[in-house]
Structures are given as C-alpha cells and as structure tokens.
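Read the structure below first, then the notes.
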Amino acid sequence: MKRFALGSGFEIPPAETPFPSIRPWEQHAAEQLVNSENRVLAIANQVCKSLSVIPLRTLLELFPSQPLLTTFPELDPYPSRNKGIYLGSIHGVGQAADIRWPTEAERKAMVYLRPAHQCCIPVLSALTESGITAICAIPGINEAQIKKYESPLLKVVAHPVEFSELGRQSGLTLCHGGAGTIAQSLLAGVPLLLIPTTVEQYLNAKRVESLGAGILLEPGTDKKGVSVAMEHILTNPQYRKSAKEFALRHLADTPEDSAERAANAILNKDLGIAVGQEVDRGHSSYTGMKRDALH
C-alpha cells in the first residue's frame with residue numbers, strides 16, 4: 001500500500017532510533033529514551049496482534065523513509081534530520097481581511113496573538129507605550145479590550161489579516177511561533193519576536209533564534225521584558241540582515257508552488273527530485289534544486 005507522511009516537521013520524527021526528545025531542554029539519558037520507545041512499541045504491537053498484522057520491529061516503520069516536509073531545512077524542528085523532501089511552506093489565509101496601517105510611521109510591527117494567553121496583555125501594554133505603529137490580529141479578543149488598547153498608533157482586530165504586503169512593510173513580527181507565521185515573516189525578510197505557547201512553537205522559535213533572525217521570550221515575560229526585546233530587534237540591524245538572507249535563499253518559493261509540489265508528490269507525479277541527492281545538509285530539497293536551476 002502506498003503511503004506518505006506530510007507535515008511541517010514536528011509531527012514527523014527524524015529517522016533515528018530512539019526518536020529524539022521533543023523537549024530538548026530536559027536532560028534525558030539515551031537509556032530512558034530507549035525504554036520509553038520500547039513501551040510505546042509494545043503497545044503498538046499489541047494492537048497489531050489484535051488485528052492479525054505483522055508486528056513492528058521499530059517505530060520507524062510507521063513512517064516512510066522520505067517524508068514530505070512543508071517547511072525549509074533551516075526551520076525544521078529536528079535539525080538532526082538527514083532524510084526528507086523539503087517542499088517549502090504552505091501558509092496564508094485565503095479569506096483574510098485587507099487592512100491598512102493606522103499611521104505611516106517608520107517603526108512598524110505585525111502582531112499575531114491569542115487573547116487567552118498570559119503574554120497578550122503585557123504585549124499590548126508594551127506596544128501602547130513604545131511609539132511603534134502596530135497591527136494586532138488577536139482572534140477572539142473582546143470589544144472591551146480592543147477599545148482599551150487601540151490608539152492612533154495601534155490597530156487591534158479580532159480576525160486574521162492579509163500578511164503579504166503589510167509584512168514587507170513591517171520591521172518586526174511578534175507571534176507565538178506557528179510555522180506558517182514564521183515562514184511568512186522570514187520570506188518577507190522580517191525578524192521575529194516569539195512567545196511560544198506549545199512545545200512545537202518553542203522548537204520553531206529555537207530554529208529562528210539559531211538563524212539570528214529573532215528572539216524567543218518565555219511565556220511569563222512581563223511588559224518591560226517585551227519592550228526591551230522589541231527595541232533590541234528594531235535597533236539591531238543584524239536581525240533584519242539574517243531575516244533578509246533567509247528570504248534571498250528562498251526567493252523563488254511561494255506557498256502556491258509548495259502546495260502544488262505536495263499535491264504532485266501525493267499523486268506520484270514527477271517533481272524533478274533526485275531522491276537522496278545531497279542538498280541543504282544532505283536533504284532532498286525541491287526548493288533547493290529549483291533555486292540551483294535558476295542560477
């Protein structure tokens with residue numbers, strides 16, 4: 001039976017035994033990881049037995065050897081991965097609203113947050129006092145909070161907004177660290193300030209930090225900490241430089257192309273990929289080969 005694994009990387013572990021910990025900040029002995037994986041394998045094989053299916057030798061058998069990864073090698077949550085086909089990011093909201101900056105000030109920021117998260121109020125408070133012009137897309141925020149924090153410099157909306165044009169005009173993206181928002185921002189050459197709420201977002205944020213294109217803040221960071229981090233990114237040109245370098249490396253990549261490549265792969269059409277060819281840390285990468293063909 002034909003099978004494939006398609007995702008942004010976090011949900012598809014690298015071809016290693018045992019699988020790496022998804023919490024790299026915790027120190028786990030190799031023996032502990034092996035024991036944990038063996039327990040999961042034993043449970044999986046109980047299910048196989050009940051279904052009269054051949055048991056698994058390792059959990060790696062659950063995944064194809066060449067997963068389809070809707071991200072870029074630099075942003076893969078598992079930097080140790082050595083097998084995978086990088087298709088590029090599939091992101092964007094087709095029905096997102098168009099919106100304009102509240103003013104045409106030089107310092108601008110795009111903000112994507114969840115209203116229930118503890119960082120939301122410190123971020124809005126810091127922006128209110130910063131002198132930065134910002135568009136804050138906070139789906140679910142109530143009218144009372146919108147009225148409290150909106151100002152001539154600060155536009156707060158309770159729905160997604162179209163990022164493409166606004167993003168290119170921004171000097172900073174502040175978000176939780178979703179793969180799509182990160183890709184949109186870096187492809188526009190905009191650095192990020194990241195306040196993750198999940199393990200996946202934390203790993204995404206660490207990859208951005210490793211590129212020198214952003215800063216990761218802990219969820220409990222207060223208003224002062226947010227203000228300091230925003231100023232540091234906006235006044236330190238190295239962050240913008242690193243983000244623009246990422247954008248230049250992926251200049252030919254669009255979400256539409258990535259979606260088409262994913263569909264073609266699923267339908268087993270020719271992608272022009274030499275599977276196993278060494279591109280970007282030894283990965284098969286359609287986007288990398290596409291760029292090579294352009295030069």
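Some points to look at:
- Yes/no for ILE141 being outside any helix (DSSP H, G or I), touching a Lys or Arg at 6+ places or on another chain (Cβ under 6 Å) and either within 23 Å of THR221 (Cβ to Cβ) or not β-branched (Val, Ile, Thr) (or both): no
- Of all residues in the stretch 36-76 being out of contact with any Leu (no Cβ under 6 Å at 6 or more places or on another chain) and β-branched (Val, Ile, Thr), the one that is nearest to ALA263 (Cα to Cα): THR71
- Residues that are under 18 Å from the mean Cα position of the chain (by Cα), of a type outside the set (A, V, I, L, M) and more than 20 Å from SER8 (Cβ to Cβ) within the stretch 169-190 comprise just one, GLY189.
- Within the stretch 203-222, the set of residues being modelled with pLDDT of 95 or more and either among the β-branched types (Val, Ile, Thr) or part of a helix (DSSP H, G or I) (or both) comprises LEU203, ASN204, ALA205, LYS206, ARG207, VAL208, GLU209, SER210, LEU211, ILE215.
- Leading residue by the ranking (surrounded by the most Cβ atoms within 10 Å (Cβ to Cβ)) among those in the stretch 222-247 that are without any contact (Cβ under 8 Å) to a residue 40 or more places away in the chain and within 26 Å of ASP76 (Cα to Cα): ALA229
- Selection from the stretch 5-60 of residues that are in a loop (DSSP other than H, G, I, E, B) and touching a strand residue (DSSP E or B) at 6+ places or on another chain (Cβ under 6 Å): GLY9
Listed here are the residues, each with its yes/no results for (1) surrounded by 15 or more Cβ atoms within 10 Å (Cβ to Cβ); (2) under 30 Å from LEU194 (Cα atoms); (3) in the same structural domain as GLU260 (by TED's automatic domain parsing); (4) at pLDDT 90 or above.
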{"site": "GLU16", "(1), (2), (3), (4)": "no, yes, yes, no"}
{"site": "ILE43", "(1), (2), (3), (4)": "no, no, yes, yes"}
{"site": "THR58", "(1), (2), (3), (4)": "no, no, yes, yes"}
{"site": "PRO77", "(1), (2), (3), (4)": "yes, yes, yes, yes"}
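The values are calculated or read from the model by the stated rules, or taken from the named source; none is laboratory data. A quick note: this is a predicted structure, and the numbers were derived from the prediction, not measured. Neighbour counts are summed over all protein chains in view; Cβ atoms, including those assigned to glycine, are modelled from backbone coordinates with ideal geometry.
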